[in-house]
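Single-structure report; data block below.
The values are calculated or read from the model by the stated rules, or taken from the named source; none is laboratory data. Just so we're clear, the structure is a prediction, and the values are computed from it rather than from any experiment. Here the Cβ positions follow ideal geometry from the backbone for every residue, glycine too, while neighbour counts run over all protein chains shown.
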Amino acid sequence: MGESAILYVQATQAYLQANDGRLDGVDNNATTFWDKKDRYLQFTAGVRANLGKAKDADGDGVSDKKDKCPDTPTGVKVDVNGCPVDTDGDGVADYLDKCPDVKGLAALQGCPDADNDGVADADDRCPNTPAGVRVDASGCPLDADGDKVPDYLDKCPN
C-alpha cells in the first residue's frame, strides 16, 4: 500500500440489449436488436484512497497481520511469512547457523556431526569416533592416563 488518493468520474452510453420497453415502458417493435430508443447514459463517480502502509512492528517487510514470526531481528532476511530464512532446512535460521549451506544440529549451531560425538565435523579431530565413546573438546576419545591408548580400548586406563 502506498499513500495516494484517486478521484474519478466516468460517463458511459449504452443500448439495452433487447427489444422491450424496460427503460421507457414502451415496446416499439423495433426490427433491429439495438433499439436506438432504448439508449441510456450511466454516470459513475468515486474516490479510492490508500492512506499509509500496513503496520510492520519488526520492520522485516511483512505486515503484522501476515507475519508468523513478529519478532524477527532487524536486518535478518525473511521468507514470505516473515520468518528468518533457513537455506539448508535444518531448523536453524541462517542468521544463527554457522553452517548455513549444510544440514546440521541445533545444539551445534546448525553444523553437522557425522559421528554423533557432540563435536561439529569442522572442529572434530577424530571424525570417526565409535558410537557411545566419550570424547574431549576436540572430538577425540578420552585418554585419562595419557598413554595414547583411548580409554575405551585401554585395559589399564589409569
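Filtered by the rule that a residue be within 30 Å of LEU7 (Cα to Cα) and assigned to a loop (DSSP other than H, G, I, E, B), segment 39-65 gives LEU51, GLY52, LYS53, ALA54, LYS55, ASP56, GLY61, VAL62, SER63, ASP64, LYS65.
Among the residues of segment 69-89, those that are more than 12 Å from the chain's Cα centre (by Cα) and more than 12 Å from ASP58 (Cα to Cα) comprise ASP88, GLY89. Being modelled with pLDDT of 80 or more and surrounded by 10 or more Cβ atoms within 10 Å (Cβ to Cβ) is the filter here; which residues of segment 3-62 pass it? Those that are modelled with pLDDT of 80 or more and surrounded by 10 or more Cβ atoms within 10 Å (Cβ to Cβ): ALA54, ASP56, ALA57, ASP58, GLY59, ASP60, GLY61, VAL62. For segment 138-152, the set of residues classified as out of contact with any strand residue (DSSP E or B) (no Cβ under 8 Å at 6 or more places or on another chain) and either β-branched (Val, Ile, Thr) or at pLDDT below 95 (or both) consists of ASP143, ALA144, ASP145, GLY146, ASP147, LYS148, VAL149, listed by residue number. All of VAL92, VAL85 fail the test of being without any contact (Cβ under 8 Å) to a residue 12 or more places away in the chain, β-branched (Val, Ile, Thr) and farther than 22 Å from LEU142 by Cβ, apart from VAL85. If you check VAL119, VAL135, VAL102 for being under 30 Å from ASP60 (Cα atoms), in contact (Cβ under 8 Å) with a residue 12 or more places away in the chain and surrounded by 13 or more Cβ atoms within 10 Å (Cβ to Cβ), only one passes: VAL102.
The set of residues in segment 99-124 being of a type in the set (Gly, Ala, Ser) and in a loop (DSSP other than H, G, I, E, B) consists of GLY104, GLY110, ALA114, GLY118, ALA120.
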